[in-house]
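Please read the structure below before turning to the comments.
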Amino acid sequence: MKPRKNKKRVPSFRKLLKTSKVKLDNKLKNKQFKHESIAKKYRKEQRKLRQAVKDVTSRTSVPLEEYKTKHAAKRKEEEEEEEALPLDMMDEDDLKLMEDLAQKASFVTRDLSSSEPVHFKKRKQESVIDRYEKMPRHMQTEPEKELIHLLPIKDKSGIIPQTMEKPVIGVAQNEEDEDTEEMEVVEASSEEPQPVLTTDELVIQRRRKLQEKKIHIAALAAAILSDPENSIKKLKELRAMLMEQDPNVAVIVRKLVMVSLMEIFKDITPSYKIRPLTEAEKHTKVRKETRKLREFEESLVSQYKFYLENLEQTVKDWKQRKLKKSNVISLKAYKGLAEIAVKCLCELLVVLPHFNFHNNIIVLIVPLMNDASKLISEMCCEAVKKLFKQDKLGSVSLGVVKVISGLVKSRNYDVRPEVLKIFLHLRIKEVEVKKDTEDITAKKKFMSCKEKRKNLSRMQRKWKKAEEKLERELLEAEASESKEKKLKLHTETLNIVFLTYFRILKKVQKSPLLPTVLEGLAKFAHLINVEFFDDLLVVLHSLIASGDLSYRESLHCVLTAFHILSGQGDVLNIDPSKFYSHLYRTLFRLHAGATNDDMVIVLQCLDVMLTKRRKQVSQQRALAFIKRLSTLALHVLPNSSVGILATNRILMQTFPKTDLLLDNEAQGSGLYLPELDEPECCNAQNTALWELHALRRHYHPTVQKFADHLIAGAPAEGSEALRPDLSRRCGTELFETYNMKGMTFNPPVASVTPRKKDKFLQGDSFLNEDLKELIQTHLNEAAVHRPVDFAKHLKESSLS
């Protein structure tokens, strides 16, 4: 019989190598498990030893004499009991049996009411020390060695594994280290105290330390800026100086490091957002330059994140009035640190809107806009305004608006008006102007592959493909940002803004935010959906009729209503006569002193109500407003008079038939009723603009020119026409140009003569005594060529 052949194949070298590696891994795991079990047993023994010592110390010791007397008395009682038994009546076998039973476990004498086991008391009375003595001992041996597996060596004989022994540090060695550290602490504490320095020496030492720190910061910053990719460790070193612990220079050093890091990040950050690598990208083999760039970007994002966290923690510590455990910086100095931190955050918000963690900066900055500190609040508001101004696409603005809306709602609408005034700086109006043209022009469509095969030949398809490729490149070069995406972002932003405004109008009508809300509605009213127009106008009229609003708030209501009606509201059949009557009635409530800031809103209202709605305005209404504005020009400051007269000029050119006010003859029946509050019924056609003759003798030369121009009928050409710099500007611009706040006016001295002076003072009987005294002072000082500060005189005379 033939022997069977072994069908098993000889294992290959790779398999042997793989098997040996598995065996080595298993050996290493077993050895580690063995070390862990030995350490576990050792800890268990130590725990038992501590318990035994604790039990021994808790037991009370019994004197030896008491123990002997106690046992002697017990033995005597047992003998008496034995004598009391009638042993003579028992057989010898029975007596022997009883003695044997007594020596064994006494079941008969056991208390049957007890549920304890038979040998319970015996085990309980066993000594703790005896139990510990029965436990096995483990003698402390030398520290075991741990093998470290190295790379194997290959020679002619095969693979030779290489190992190296690593000693395991035992408990005794750890105790020796702890003792050494304790001795070092004792030696350090026992050193002699340093000598006390004088005040001058402390100042010199502080200056020297501060100079060294400045040089060190400058050297690190220069090295980082010269070679950012190879100096990322120096960036980490510079960031670590934010935790400066020297109390003499800690505040200044931290401020310098904050500003230095801000400037460094502004310079070395790329113009794109760095995203984290995926798992597949991490394991993909790349070139050396690409790997180096990835490492730099990852380190840069990490350091930037830590820097922002430090700034955030500085602001939080100041807000919560917390001090660190080290108490290096006082609570008073934290305010300066917080201001620098907020300034750095604002700068990064504006300069790096494309980089990582920009949304986190927005979440930090927006609540600080409502801060009690005026400086911090203004810094944050200015930063957000700059951000809105430079945001062309609208994605950053949308993020800021969302956070502001959430802040207003979470604070229950108890925020500063400056927070909502930020909405007025949004750039949304430009895109909405181009909306119609975008809807009309059809989007360019390219042919599909199926259409090309069906309609074109092979050569035509080839040319068509090249043509479409060129058109796509031209479209990408033409539009830097997608118009559709831009329009979508702006629409979403505006929806959030209007939602915030409508919530305030509905819930908190007596809030100090109402003027800002009305101003915002006036600016964006032409973008509101037509469905809301009717309800919004009813709300605005009810606010005016309630009488709870201030004069400025009521003007904002009027301006908002006419902005709504001048845009898409033209299609609505709404009579705005109530708003005309309100403005006509309240014109004389304007402040005549230096604080006449409401004049800008009045001029804007007049422009929207009369000029832009010229087709809906009757002649009677235009005449009444021109007459009342001319009367108002006598009581206000020169800048306001210039703005009012410029508005009258535009109205007289818009409504040519109003030139009858320059004639003394009455037109029709009735008398002019200046005290009547309805412009349609005051018979303004039966009066004349006698105020212009008084304004011709006004002390301000521009007011004189406008008065002469209006008396001549506001001609566009001729000797009475205005200069181009006056005729081409509206009333609002002229009001801002001739604003007299803080200005000193030098009057034209050559035009002042004694004859004009006397004639002027004698003929103006309508002027009150204060105004006469003021003009007399002006004329006397002008005669000696001295400038007059009219703003100061007006404050002192308190004209109304």
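In terms of the Cα gyration tensor, with a ≥ b ≥ c the square roots of its eigenvalues, is the stretch 526-628 rounded because a/c is under 1.5, prolate because a/b exceeds b/c, or oblate?
In terms of gyration-tensor shape, oblate.
Filter K386/K483; K236/K421; K385/K510; K214/K385 down to the pairs with a C-alpha to C-alpha distance above 31 Å, please.
K236/K421; K214/K385
Would you mind checking K465/K488; K316/K389; K486/K523; K319/K507; K209/K234; K266/K316 for any pair whose Cα atoms are more than 22 angstrom apart?
Beyond 22 Å: K465/K488; K316/K389; K319/K507; K266/K316.
Arranged from highest to lowest average of other beta-carbon atoms within 10 Å per residue, in what order do the peptides 35-45, 218-228, 360-370 appear?
360-370, 218-228, 35-45
Give me the dipole magnitude in Debye, nearest 20, for the stretch 539-682 about the Cα centre, with unit charges on the beta carbon: positive for Lys and Arg, negative for Asp and Glu.
280 debye
Could you check the spin-label model distance between L150 and L424? Points 7 Å from the Cα along Cα→Cβ, value in nm.
Between L150 and L424, the label points sit 7.8 nm apart.
Please work out the FRET efficiency for the pair Q704 and S669, using the Cβ-Cβ distance as r and a Förster radius of 45 Å; give the result to the nearest 0.05.
0.80
Under the rule of at least 5 residues apart or a separate chain, name every residue whose amide H is placed under 5 Å from the amide H of E146.
K166, V168
At what distance in angstrom do the alpha carbon centres of the stretch 251-308 and the stretch 613-678 lie from each other?
Computed from Cα coordinates, the inter-centre distance equals 67 Å.
Please go through the stretch 277-356 and write out the trypsin sites (Lys or Arg not before Pro) that DSSP classes as loop and that have at most 13 other C-beta atoms within 10 Å.
Within the stretch 277-356, the qualifying trypsin sites (Lys or Arg not before Pro) (loop, at most 13 other Cβ atoms within 10 Å) are K285, R287, R321, K322, K324, K325.
Just for the Cα atoms in the stretch 594-736, what are the lengths along the principal axes, largest first, rounded to whole Å?
For the stretch 594-736, the Cα spread along each principal axis is 40, 32, 28 Å.
Taking θ as phi - 60°, what are the ³J(HN,Hα) couplings along the stretch 389-401 by the Karplus curve (6.51, -1.76, 1.60), each to the nearest whole Hz, with x for Gly and Pro?
5, 9, 7, 8, 7, x, 5, 5, 4, 4, x, 5, 5
Rounded, prolate or oblate: which fits the stretch 372-414 when a ≥ b ≥ c are the square roots of the eigenvalues of the alpha-carbon gyration tensor, with rounded for a/c under 1.5 and prolate only if a/b beats b/c?
Judged from the Cα gyration tensor, the stretch 372-414 comes out oblate (a/c at least 1.5, b/c at or above a/b).
Taking the convex hull of the Cα atoms, report for the stretch 207-355 its projected area averaged over all directions, in nm².
Average projection, Cα convex hull of the stretch 207-355: 10.2 nm².
Since every read-out is calculated from the coordinates, none of them should be taken as a lab result. What you see is a predicted model, and the numbers here were worked out from it, not measured in a lab. Positions of Cβ are backbone-derived with ideal geometry, glycine not excepted, and every protein chain shown enters the neighbour counts.
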